[in-house]
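Peer 1: Below is one structure. I have some questions about it.
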Amino acid sequence: MRTLELLSPAKNAETGRIAIMAGADAVYIGAPAFGARAAATNSVESIRSLAQLAHRYRARVYVTMNTILYDNELDEASRLVKQLYGAGVDALIVQDMAYLGLDLPPIALHASTQCDIRTPDKAAWLAEAGFSQLVLPREYSLAEIKAVADTVDVPVEVFVHGALCVSYSGDCQAGFAAMGRSANRGVCPQMCRLPYELVDADGNAVAPPKHYLSLRDLNRVNYLEALAEAGAASFKIEGRLKDARYVANVTAAYSRALDRIVERSGGKYRRSSAGTSTYGFTPDLDRTFNRGYTSYFLKGTPGKMASTDTPKWAGIPVGTISGELDKRRRSFRARLSAQLSNGDGLGFFNAAGTFVGFRLNRVEGNELWPASAPEGLTTGTTLYRNNDKAFFDLLERPDAGCYRKIRVDFTLRPVDNERIAISADDERGCSVCLVADSVYAAAKTPQEAHRRNIMAKLGDTDYTLGNVDDRLSERFIPASALTAARRDVLALLDKAAADTYAYDRRKACTLADDAFAGAKALDYHDNVANRLARRFYTGHGASIAEMAIETAPKKEDELVVMTTKYCLRRELGACLKEKNGTKLPRPLFLKNDSGLYRLDFDCARCGMSVVRLRNARNQNLE
């Protein structure tokens, strides 16, 4: 039987708690430092409290320390890992090979998507190096996922939902080259979400300014079974900067989908944690932030995969504007296809193609009163809702209205005329038995239903009642005695669960000393930034031609700053392999205030490189 893990993001411990209540089998959360989302850091103590909660449900807590490290940070990173190990963290998600050379406790290491695992061979050597789980690129197809899963003997993790990086993760130097802000150091400036002009070699515009590198969001909720069949073991939701409402809704939707797969698998699969979640809302992936959805390259090259009009969330269409703004009444009319609520967030695309958002103060029938007069509102324009107040109000409740309970079965039986025994067995595999004093007395009426009601009063504990095997027959047990015994046996069960929690531990390195001998010399794309990473590679036969650009900035006039499987020509219907390839000229350039970028199209691999040009004069593009 294979275990399936739903891995949810946690901006902080409270969001992590909500994710677990909503059905996450594991959560990933930022460390106090060295995480790829510098804005999402957490104290060791808050991570400790999250781990204690998670472990009650056999859920795991992974901590992200997936930036590259500088030499002067190695000691601090080592100290922090030891603190996190003491706090009960299950694994670290890392990019830098320096962690393999640090003096660390035996905490499990997961290879971050920043490790850029583009081939089964790289996956194999990471597994041999001691990584316990591998996070695969978002760009992988089902066949590529299967190829890796068939190659390695450790679980593979795949992204299933959330924002997409246009570049292969770990191989984007655009932010550092243009602004001195490195994605590999946790301060990505999101170059892919900026607007650009698309121009030819003479600087002439060939298409309207748009967000040409901004991809839609990933949504693979309908492909989970196919991913499991391909060998994926962990299903990751992106979003360590997302709020609790987003995390609750998306986690609930994917948890339900995984439960359905498990139920119909005939015992082939099971969830990796325990407990059943219930929700005070109906999960709906269309009602929380997204830029439009794509399955990306999972089943071959998809259709449209970019969100070029806006990097924001436009929302769901809810009607069309049927009347201009009445300046006296400060309202306008719309033909609505959905019921709106006061406080909803609405918006539309104006004549220039810019998204204009506003808050709805009041709605009466088809008349709408915006909080402020939106400019560019015209008759016939589609109206979108990107803040569904009624839905979000449900998610604003404690724990977002999510509850998670562990099934427990009780057995009640006599020991002798002065004692009874109460056994508790739960779905985690924990089993305890308590012997309680209870002098024999014959009951005057049947007691089974009464005793079951007492055992069912589990209140705000982690448990929900399964079966009660009542063997006490006509024996009378005072309600107070049975209540106290139930409370005490659950305390024993809690202790048993804590005492039997099993951690993953660091795998030994079995990588051959000459593993990289004869391979291409490492360059700035490989992100070697410190002496321990350098020692790891050279100690296994590699040669290093260039260190990471964060430690050795490059001064070339041309620098490849993104490598993508996304092709802008294909997206715009001008693929060079098709008849319409002449629809756009060659070469093509993107430019904005951050700089000038040439687009190099690699038709052999069906991909694209983004090359930053320092000298626009040489390109006649001043």
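Peer 1: Have a look at 590, 621 and point out the one that is touching a Phe, Trp or Tyr at 6+ places or on another chain (Cβ under 7 Å), at pLDDT below 95 and either of a type outside the set (Lys, Arg) or open to solvent by less than 70 Å² (accessible area, probe 1.4 Å) (or both).
Peer 2: 621
Peer 1: Let me ask you something else. Kindly establish whether residue 566 is open to solvent by less than 30 Å² (accessible area, probe 1.4 Å), modelled with pLDDT of 95 or more, in a helix (DSSP H, G or I) and at negative phi.
Peer 2: So residue 566 does not fit the description; no.
Peer 1: Quick one: count up the residues across the stretch 96-126 that are open to solvent by less than 10 Å² (accessible area, probe 1.4 Å), without any contact (Cβ under 8 Å) to a residue 40 or more places away in the chain and farther than 19 Å from residue 528 by Cα.
Peer 2: Total satisfying the criteria: 0.
Peer 1: Condition first: part of a strand (DSSP E or B), farther than 30 Å from residue 25 by Cβ and either among the charged types (D, E, K, R) or out of contact with any strand residue (DSSP E or B) (no Cβ under 6 Å at 6 or more places or on another chain) (or both). Now tell me which residues in the stretch 392-435 satisfy that.
Peer 2: Within the stretch 392-435, 413, 416, 419 meet the criteria.
Peer 1: Any idea which of 314, 373, 352 is closer than 24 Å to residue 251 by Cα and among the aliphatic types (A, V, I, L, M)?
Peer 2: On the way: 373 fails: closer than 24 Å to residue 251 by Cα; 352 fails: closer than 24 Å to residue 251 by Cα.
Result of the check over 314, 373, 352: 314.
Peer 1: Among the numbered criteria (1) open to solvent by 10 Å² or more (accessible area, probe 1.4 Å); (2) under 21 Å from the mean Cα position of the chain (by Cα); (3) under 30 Å from residue 33 (Cα atoms); (4) modelled with pLDDT of 95 or more, which single criterion is violated by residue 167?
Peer 2: The number of the failed condition is (1).
Peer 1: Is it the case that residue 551 is out of contact with any helix residue (DSSP H, G or I) (no Cβ under 8 Å at 6 or more places or on another chain) and either touching a residue at least 60 places away in the same chain (Cβ under 8 Å) or surrounded by 13 or more Cβ atoms within 10 Å (Cβ to Cβ) (or both)? Working first, answer last.
Peer 2: Values: out of contact with any helix residue (DSSP H, G or I) (no Cβ under 8 Å at 6 or more places or on another chain): yes; either touching a residue at least 60 places away in the same chain (Cβ under 8 Å) or surrounded by 13 or more Cβ atoms within 10 Å (Cβ to Cβ) (or both): yes.
In short, yes.
Peer 1: Same structure, new question: Report the residue count in the stretch 382-411 for those that are open to solvent by 20 Å² or more (accessible area, probe 1.4 Å) and farther than 30 Å from residue 452 by Cα. Please lay out each step first, then the result.
Peer 2: Here is the first cut: in the stretch 382-411, the ones open to solvent by 20 Å² or more (accessible area, probe 1.4 Å) are 382, 384-387, 389-390, 393-394, 396-399, 403, 405, 407, 409, 411.
If we keep only those that are farther than 30 Å from residue 452 by Cα as well, we get 382, 384-387, 389-390, 393-394, 396-397.
Residues meeting the conditions: 11.
Peer 1: What pairs come out if I take residues in the stretch 371-393 that are of a type in the set (Asp, Glu) and pair them with residues that are open to solvent by less than 50 Å² (accessible area, probe 1.4 Å) whose C-beta lies under 7 Å away, six or more apart or interchain?
Peer 2: 375/356; 388/344
Peer 1: Quick one: how many residues across the stretch 177-217 are surrounded by fewer than 18 Cβ atoms within 10 Å (Cβ to Cβ) and small (Gly, Ala, Ser)?
Peer 2: 5
Peer 1: What do you reckon, is residue 54 open to solvent by less than 30 Å² (accessible area, probe 1.4 Å) and under 22 Å from residue 258 (Cα atoms)? Explain how you work it out, then say what you get.
Peer 2: On the way: open to solvent by less than 30 Å² (accessible area, probe 1.4 Å): yes; under 22 Å from residue 258 (Cα atoms): yes.
When the stated conditions are applied, residue 54 passes them.
Peer 1: Based on what the data block shows, is residue 380 in contact with a helix residue (DSSP H, G or I) (Cβ under 9 Å, 6 or more places away or on another chain) and part of a loop (DSSP other than H, G, I, E, B)?
Peer 2: Numbers: in contact with a helix residue (DSSP H, G or I) (Cβ under 9 Å, 6 or more places away or on another chain): no; part of a loop (DSSP other than H, G, I, E, B): yes.
Taking the combined requirement at face value, the residue does not satisfy it.
Peer 1: Filter the stretch 152-205 down to residues that are assigned to a strand (DSSP E or B), over 22 Å from residue 40 (Cβ atoms) and of a type in the set (A, V, I, L, M), then give me how many there are.
Peer 2: Summing the residues that are assigned to a strand (DSSP E or B), over 22 Å from residue 40 (Cβ atoms) and of a type in the set (A, V, I, L, M) in the stretch 152-205 gives 4.
Peer 1: Further question on the same structure: Within the stretch 592-603, is even one residue in contact (Cβ under 8 Å) with a residue 40 or more places away in the chain, touching a helix residue (DSSP H, G or I) at 6+ places or on another chain (Cβ under 6 Å) and in a loop (DSSP other than H, G, I, E, B)?
Peer 2: Yes, the conditions are met somewhere in the stretch 592-603.
Peer 1: I would also like to ask the following. Does residue 556 satisfy being acidic (Asp, Glu), under 29 Å from residue 181 (Cβ atoms), more than 28 Å from the chain's Cα centre (by Cα) and not in a helix (DSSP H, G or I)?
Peer 2: Here the answer is yes, as residue 556 does meet what is asked.
Peer 1: How about the stretch 454-468: which of its residues are open to solvent by 60 Å² or more (accessible area, probe 1.4 Å) and closer than 19 Å to residue 420 by Cβ?
Peer 2: 457, 467
Peer 1: Just give me the residues in the stretch 76-95 being polar (S, T, N, Q), free of Cβ contacts under 8 Å to residues at least 60 places away in the same chain and open to solvent by less than 50 Å² (accessible area, probe 1.4 Å), in sequence order. Give the derivation first.
Peer 2: Just the residues of the stretch 76-95 that are polar (S, T, N, Q), to begin with: 78, 83, 95.
Add one more test, that the residue is free of Cβ contacts under 8 Å to residues at least 60 places away in the same chain, and what stays is 78, 83.
The one that is polar (S, T, N, Q), free of Cβ contacts under 8 Å to residues at least 60 places away in the same chain and open to solvent by less than 50 Å² (accessible area, probe 1.4 Å): 78.
Peer 1: What tally of residues in the stretch 465-510 results from selecting those that are within 29 Å of the chain's Cα centre (by Cα) and touching a residue at least 40 places away in the same chain (Cβ under 8 Å)?
Peer 2: The first filter runs over the stretch 465-510 and keeps only residues within 29 Å of the chain's Cα centre (by Cα), leaving 497-498, 500-509.
Going one step further and asking which of them are touching a residue at least 40 places away in the same chain (Cβ under 8 Å), we end up with 497-498, 500-501, 503-509.
Going through the stretch 465-510 one residue at a time, the tally reaches 11.
Peer 1: For the stretch 275-292, which positions are open to solvent by less than 30 Å² (accessible area, probe 1.4 Å) and in contact with a Gly (Cβ under 9 Å, 6 or more places away or on another chain)?
Peer 2: Within the stretch 275-292, 275, 277, 281, 290 meet the criteria.
Peer 1: Inside the stretch 299-318, can you point out the residues that are in a loop (DSSP other than H, G, I, E, B) and in contact with a Leu (Cβ under 7 Å, 6 or more places away or on another chain)? Please lay out each step first, then the result.
Peer 2: To start, the set of residues in the stretch 299-318 that are in a loop (DSSP other than H, G, I, E, B) comprises 299-305, 307-315.
The answer is 299, 305, 307.
Peer 1: Here's a follow-up. Scan the stretch 288-298 and give yes if some residue there is among the basic types (Lys, Arg), part of a loop (DSSP other than H, G, I, E, B) and more than 20 Å from residue 193 (Cα to Cα), otherwise no.
Peer 2: For the stretch 288-298, residues among the basic types (Lys, Arg), part of a loop (DSSP other than H, G, I, E, B) and more than 20 Å from residue 193 (Cα to Cα): absent.
Peer 1: Can you tell me which condition residue 582 does not meet? The list is (1) within 30 Å of residue 460 (Cβ to Cβ); (2) exposed (fewer than 15 other Cβ atoms within 10 Å of the Cβ), and all the others hold.
Peer 2: Among (1) within 30 Å of residue 460 (Cβ to Cβ); (2) exposed (fewer than 15 other Cβ atoms within 10 Å of the Cβ), the lone unmet condition for residue 582 is (1).
Peer 1: I've got another one for you. State which residue is surrounded by the most Cβ atoms within 10 Å (Cβ to Cβ) when the search covers only the stretch 469-493 and only residues that are under 19 Å from residue 406 (Cβ atoms) and of a type in the set (Lys, Arg).
Peer 2: Ranking the candidates gives 486 first.
Peer 1: Could you tell me which of the residues 299, 312, 304 is touching an Asp or Glu at 6+ places or on another chain (Cβ under 8 Å) and open to solvent by 40 Å² or more (accessible area, probe 1.4 Å)?
Peer 2: That would be 304, the only listed residue that is touching an Asp or Glu at 6+ places or on another chain (Cβ under 8 Å) and open to solvent by 40 Å² or more (accessible area, probe 1.4 Å).
The values are calculated or read from the model by the stated rules, or taken from the named source; none is laboratory data. Only a predicted model underlies this, so the values are computations on that prediction, with no experimental measurement involved. Note that each Cβ is placed from the backbone with ideal geometry, even for glycine, and that neighbours are counted across all protein chains shown. Quick note on the areas: whole protein, heavy atoms, side chains included, nothing else; ligands and nucleic acids left out. Shrake-Rupley method; radii C 1.70, N 1.55, O 1.52, S 1.80 Å.
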